1. So which lysines pass the test for A:Lys234, namely a Cα distance under 28 Å, with those fewer than 8 places away in the same chain ruled out?
2. What is chain B's relative contact order, in percent, from Cα pairs under 8 angstrom and six or more apart in sequence?
3. GNM on chain A, C-alpha springs below 10 Å: top fluctuator among A:Val158, A:Val114, A:Val204?
4. What ranking do B:Lys11, A:Lys236 get, fewest neighbouring Cβ atoms within 10 angstrom at the top?
5. How long are the three semi-axes of the equivalent ellipsoid of region B:117-260, in whole Å, if each is the root of 5 times an eigenvalue of the C-alpha gyration tensor, listed from largest down?
6. Determine the relative contact order of chain A: mean sequence separation of Cα pairs under 8 Å and six or more apart, normalised by residue count, in whole percent.
7. Sorted by packing (mean other beta-carbon atoms within 10 Å per residue), highest first, where do A:12-22, B:175-185, B:234-244, B:155-165 land?
8. Expressed in nm to one decimal, what extension gain is obtained for the pair B:Glu253 and B:Glu138 from 0.36 nm per residue of sequence separation less their Cα-Cα distance?
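Each value in this text was obtained by applying a stated rule to the coordinates, not by laboratory testing. Since the structure is predicted, the reported quantities are computational estimates derived from the model, not experimental observations. Cβ sites come from the backbone with ideal geometry, for glycine too, and all protein chains shown count toward neighbours.
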Amino acid sequence: MEAAMGLMRRIHPKQSETALSALLSLLPHHSSDLLSQVDQPLQVLCDLESGKEYILCEYNRDADSYRSPWSNKYYPPLEDALYPSSELRKLEVEANEVFAIYRDQYYEGGISSVYMWEDDNEGFVACFLIKKDGSKTGQGRRGHLQEGAWDAIHVIEVGPEEESMAHYCLTSTIMLSLTTNDESSGTFSLSGSIRRQMNMDLSVADGHLCNMGKMIEEMEGKLRNSLDQVYFGKTKEMVCTLRPPSEVVLRLPTADLA
Amino acid sequence: MAEGDCELNEKRKREIAKWFLLNSPAGEIQYIAKDLRSVLNDDKVYNEAALEAFALYNKSHFICLELPDRSGEVLVTSYNELDEDEFLDPRTAQVAIVDHVKQVCTDMRPTADEELSSPYIEEFRCALDAEILKYVAEAYPKGICSVYCVKGKDVEGPGSNFEFVVVISAVRNSPQNFCNGSWRSLWSIEFKEDVQMLEVGGELQVGAHYFEEGNVQLDAKHECKDATIFQAPEDCAISIANIMRHHEAQYLEALEASYSNLPDTTFKDLRRKLPVTRTLFPWHNTLQFSLTRDIQKELGIDK
């Protein structure tokens with residue numbers, strides 16, 4: 001299992017789906033571990049009742065069906081399926097509405113879904129998902145990207161209330177890829193994934209949604225920044241180590257162009 | 001039946017093993033191999049896959065191996081491959097015997113006469129090699145290069161066309177900093193006697209991998225074309241080296257421009273740094289959204 005995770009850490013992020021299915025066939029007895037530890041690009045389904053798209057993940061799956069956060073229905077339909085309690089469903093509905101606005105303000109498009117369920121120790125777990133296609137044929141407003149995908153998975157475990165405080169544990173994963181392509185610079189592609197955790201004890205006076213939302217906003221900002229500054233920066237540093245830029249571009253002597 | 005299943009299984013396993021090895025990032029095949037071996041838990045399948053995959057990987061990555069007598073280095077490419085494990089080093093007129101899986105050069109032998117180019121071709125090749133060496137030394141801190149004749153090596157004198165390939169490979173592995181990278185340039189030069197022209201084509205490929213608490217990879221690729229006139233060997237060499245220097249420097253600039261466009265333009269199409277409102281999201285006051293929505297509904301302008 002450790003070796004399998006070692007392979008996933010090195011293999012190209014764009015090939016993680018192929019790599020995972022290969023590992024699943026080599027290590028069938030580790031399949032649940034692999035599926036829970038390896039993040040995969042998010043899939044989307046259309047909720048026929050609301051006409052809206054929603055995101056699929058382990059947290060809204062029951063058997064082979066996935067529950068839509070919009071209509072609370074499973075597709076394909078499923079009898080005796082699991083649903084959150086009505087109280088939690090109320091928070092889930094509100095979270096989906098607010099998170100869609102948050103998503104629109106930061107992403108100018110994309111799809112979002114929030115799922116909640118009760119956990120074993122009197123608290124609950126919430127999963128906030130965002131998927132954005134930023135390519136020029138998708139929802140990239142500026143049209144710079146030949147290909148561009150951003151998948152965010154935020155899972156928050158909320159502990160039981162104690163003296164009007166609750167413990168929040170957020171685990172966030174961002175998977176992204178972007179490719180630009182033009183005549184003069186060829187194809188330029190960056191892709192990757194990072195995962196981070198954040199723990200906080202917060203007063204529940206402002207409500208769970210406010211607390212979770214703030215944590216996610218802070219985390220997304222941090223992750224975006226470290227991808228941009230640290231991760232992309234390191235690959236740029238590497239390029240400049242391989243071939244240091246010289247200030248003066250040497251021009252072709254005109255005689256050679258004759 | 002059970003036996004058939006088992007055979008199929010082995011074939012599939014071997015394919016998976018080869019896939020992992022061939023898709024190893026630059027400089028990381030040995031790490032992939034180690035993990036793969038323990039995942040497979042089947043040395044027979046692993047060894048068969050490794051035998052095939054390492055040779056392909058080594059050649060496509062232009063890996064560079066030290067000669068056993070420490071007299072220099074030899075590149076492993078499909079352009080100087082004499083046999084599965086024999087690679088020509090035209091600069092020293094030696095042939096390196098290579099162990100693909102261990103990625104070492106185990107032995108060397110002098111070249112046979114028929115493996116070398118004719119003296120006429122060799123004059124062009126040597127002149128170009130000297131110019132490229134100069135250029136690579138000034139542009140790449142750790143660059144290795146070589147010039148191979150891939151067409152017309154037996155041409156004895158003026159009147160026939162021939163073709164060279166220039167390979168430049170620069171690798172930097174720094175696993176302690178969780179970072180590896182490679183720059184590969186492949187230039188083909190067609191010497192067209194009949195039209196007195198040299199046609200030059202370049203394929204530049206750059207990769208970098210940073211994997212401290214994450215996994216981020218850069219893949220960049222660029223192709224370019226140019227031409228110059230057919231001249232004496234030394235003049236051809238200078239022209240070609242200038243063309244390469246010019247295009248590679250331009251490409252590096254384009255790469256830097258791609259990086260500097262990231263924060264404010266390219267990346268913005270995925271996620272903005274700040275919301276369109278330019279202030280943090282009002283989590284304290286999300287009630288306003290449902291109020292607005294209710295009003296919109298009442299006014300009948302709900303989307």
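1. Counting by Cα, and skipping residues close in sequence, A:Lys234 has these lysines nearby: A:Lys14, A:Lys131, A:Lys132, A:Lys136, A:Lys222, B:Lys34, B:Lys59, B:Lys142, B:Lys221, B:Lys268, B:Lys273.
2. 10 percent
3. Comparing A:Val158, A:Val114, A:Val204 in the GNM, the peak value goes to A:Val204.
4. Values: B:Lys11 11, A:Lys236 20.
By the 10 Å Cβ count, ascending: B:Lys11, A:Lys236.
5. Working: eigenvalues 222, 46, 29 Å².
So the equivalent ellipsoid measures 33, 15, 12 Å along its semi-axes.
6. On the way: 381 pairs, mean separation 26.8, N = 258.
Relative contact order of chain A: 10 percent.
7. Numbers: A:12-22: 17.8, B:175-185: 19.4, B:234-244: 21.6, B:155-165: 15.2.
Most protected by this proxy first, the peptides run B:234-244, B:175-185, A:12-22, B:155-165.
8. On the way: separation 115, 0.36 × 115 = 41.40 nm, distance 1.68 nm.
So the extension gain works out to 39.7 nm.
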